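Where a number appears in this text, it was derived from the coordinates with a stated rule and is not lab data. As the structure is a computational prediction, the values presented were derived from the model and not from experiment. Methodologically, a virtual Cβ is constructed for each residue, glycine included, from the backbone with ideal geometry; neighbour enumeration extends over all protein chains shown.
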Amino acid sequence: MAAPTTYSIDGEQYIAVMAGYGGAETYGYLSDGVIFKYKNMGRILAFKLGGSETPLPPEQVVIKTPEPPETKIKEELIAKGASVYVAYCETCHGGFGDKHFSQHPDLSKLVLAKHQVFNDIVLKGILSENGMANFSNSLSKDDVEAIHNFLLKKQTELYKKQEAKSVN
């Protein structure tokens, strides 16, 4: 999204460009897109005539889905949770599992400690220093409970799928 710039040091001209994450995230990647192989982290690349090869970004690392907590999922909240997730969470956190291309955490991979403080994360902003906003002005406790149940359901589904693959 940023314009390239040029500068010189000791008479040697360089061109610098921003690469990687920038602008709106999307979910319309072609199946052979490099997003599936490399992380899309923001970085600055500087070029000069006769310079060395451009380093590639780090390769994607598949994070296993942790075992979900033994919590009874309230099925009656799933549809509402999905709807509220799309309206308030998906823009930043994106999809789940192999459909997750966001720079923000995949919420189907929450560890037990995050599940235990989920309401405090969303409604009290305990992770605001890390960039996770406080949504208490937009979401109710019931909304957050619905989102959490939706995420628990997603995590359970992905965990079972992962475990079935590892057995085969």
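Axis of helix 78-88 versus longest Cα principal axis of the chain: the two differ by about 30°, to the nearest ten degrees. Taking a straight line from the alpha carbon of Lys154, these lysines sit under 27 Å away, with near neighbours fewer than eight places off in the same chain left out: Lys37, Lys39, Lys64, Lys72, Lys74, Lys80, Lys99, Lys109, Lys114, Lys124, Lys141, Lys165.
FRET efficiency for the pair Val61 and Thr91, taken as 1/(1 + (r/R0)^6) with r the Cβ-Cβ distance and R0 = 30 Å, rounds to 0.80. The modelled label-to-label distance between Asp120 and Lys72, using points 7 Å beyond Cα along the C-beta direction, is 2.5 nm. Past the 17 angstrom mark, what percentage of all C-alpha to C-alpha distances in the range 103-167 do you count? Value for the range 103-167: 46 percent of Cα pairs lie more than 17 Å apart. Label zone (Ser140, point 7 Å along Cα-to-C-beta; backbone nitrogen cut-off 15 Å) within the range 72-109: 77, 80-81, 84.
Counting helices only, and only those DSSP H runs with n ≥ 4, report the 222 nm mean residue ellipticity of the chain as the sum of -39,500 (n - 2.57) divided by its residues, in deg cm²/dmol to the nearest 500.
The helix-only estimate for the chain comes to -9500 deg cm²/dmol at 222 nm.
Computed from backbone phi, the HN-Hα couplings of the range 37-45 come to 9, 10, 5, 9, 7, x, 7, 10, 10 Hz, rounded to whole numbers (Karplus: 6.51 cos²θ - 1.76 cosθ + 1.60, θ = phi - 60°; Gly and Pro given as x).
Based on alpha carbons, the Rg and Dmax found for the chain are 20.3, 68 Å.
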